[in-house]
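As structure tokens, the structure follows; a few thoughts come after it.
The values are calculated or read from the model by the stated rules, or taken from the named source; none is laboratory data. These figures come from a predicted structure and were not determined experimentally. Backbone-built Cβ (ideal geometry, glycine too); neighbour counts: all protein chains shown. SASA here: full protein model, heavy atoms, side chains in, ligands and nucleic acids out. Shrake-Rupley method; radii C 1.70, N 1.55, O 1.52, S 1.80 Å.
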Amino acid sequence: MINYGKYKNVRNAAWQVLIDYKINELPVKVTEITKKSNIKLLNNSDCNFLQNNQLGVSIHIDNDWYIIVDDTMNVERIRFTIAHELGHIFLGHESLLHRTPNSIFIEKPEEETEADMFAARLLAPACVLWGMELHSPKDIAQACNISYEAATYRAMRMEILYKRNKFLTSDLEKQVYSNFSVFIEKHKKRGDKN
């Protein structure tokens, strides 16, 4: 379990990326974030870099960031992996700065948890799901283009947030919601027609 201070830092970092990169609709286009950040995205099939069971990796070489992803996975998993690696980069995980093409990767469980949390909040921001009135894993998976498994975890978290009814309590969250407001209204109008 991660402490609240770290959770808040991860959540705020995801919101800040959504704001900084002017993301205003779902599904979040993670490849646009990598391009705008000058992060080079590579398929493992092109470089054969990933070790067994590795889905993706972030590497910092000569002041350039690279994300290498296992491109044999389904699109939803690839998107989550890219978002996870963006989490490592945007959260400033120190272990990344010491990776080299020939290094052995020693993963830090807390950093992996933080990167997963970042990815979930980047790809499926709670205030946007709330605004769209999405509850089920199926609806979340479809709207966010994430796996059913990731959407199930997000739906469970959303259930807790719905019970607390603590949406739009921070300035960052209000800005994210504002940026998505046109998208949310279009979604609601489509829902009214069905």
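Cβ-Cβ distance below 6 Å, separation of 6 or more or different chains: which pairs start in the stretch 60-74 with a residue that is modelled with pLDDT of 95 or more and end on one that is open to solvent by 30 Å² or more (accessible area, probe 1.4 Å) and of a type in the set (Val, Ile, Thr)?
These pairs meet every condition: VAL69/ILE78.
Taking the stretch 146-167, which residues are open to solvent by 50 Å² or more (accessible area, probe 1.4 Å) and among the hydrophobic types (A, V, I, L, M, F, W, C)?
Matches in the stretch 146-167: MET156, ILE160.
Please count how many residues of the stretch 160-179 are farther than 26 Å from ILE82 by Cα, in contact (Cβ under 8 Å) with a residue 12 or more places away in the chain and not hydroxyl-bearing (Ser, Thr, Tyr).
Looking only at the stretch 160-179, we keep the residues that are farther than 26 Å from ILE82 by Cα, and these are 160, 162-171.
Keeping just the survivors that are in contact (Cβ under 8 Å) with a residue 12 or more places away in the chain gives 162, 167-168, 170.
When the remaining residues are screened for being not hydroxyl-bearing (Ser, Thr, Tyr), the result is 167-168.
Summing the residues that are farther than 26 Å from ILE82 by Cα, in contact (Cβ under 8 Å) with a residue 12 or more places away in the chain and not hydroxyl-bearing (Ser, Thr, Tyr) in the stretch 160-179 gives 2.
Sort out which residues of the stretch 17-32 are open to solvent by 40 Å² or more (accessible area, probe 1.4 Å) and either under 12 Å from the mean Cα position of the chain (by Cα) or farther than 17 Å from GLN175 by Cβ (or both), and write them in order of number.
PRO27, LYS29, THR31, GLU32
What is the one condition in (1) farther than 28 Å from VAL176 by Cα; (2) modelled with pLDDT under 95 that TYR4 does not satisfy?
Exception for TYR4: condition (1).
Do any residues in the stretch 180-191 that are surrounded by 11 or more Cβ atoms within 10 Å (Cβ to Cβ) and modelled with pLDDT of 95 or more have Cβ atoms under 6 Å from those of residues that are part of a helix (DSSP H, G or I) and not β-branched (Val, Ile, Thr), where the two are at least six apart or on different chains, and which pairs are they?
Pairs found: ILE184/GLY131.
Please count how many residues of the stretch 1-24 are part of a helix (DSSP H, G or I) and within 16 Å of GLU112 (Cβ to Cβ). Steps first, answer last, please.
From the stretch 1-24, those part of a helix (DSSP H, G or I) are 4-20; that's our starting set.
Keeping just the survivors that are within 16 Å of GLU112 (Cβ to Cβ) gives 6-7, 9-10, 13-14.
Of the residues in that region, 6 qualify.
Look at SER37 and say whether it is crowded, with 19+ Cβ neighbours inside 10 Å and among the polar types (S, T, N, Q).
It is false that SER37 is crowded, with 19+ Cβ neighbours inside 10 Å and among the polar types (S, T, N, Q).
Could you grab me the full set of residues in the stretch 40-86 that are of a type in the set (Lys, Arg) and either open to solvent by 50 Å² or more (accessible area, probe 1.4 Å) or not in a helix (DSSP H, G or I) (or both)?
Result: LYS40, ARG77.
Testing ASN52 on (1) at pLDDT below 90; (2) in contact with a His (Cβ under 8 Å, 6 or more places away or on another chain), one condition comes back false. Which one is that?
(2)
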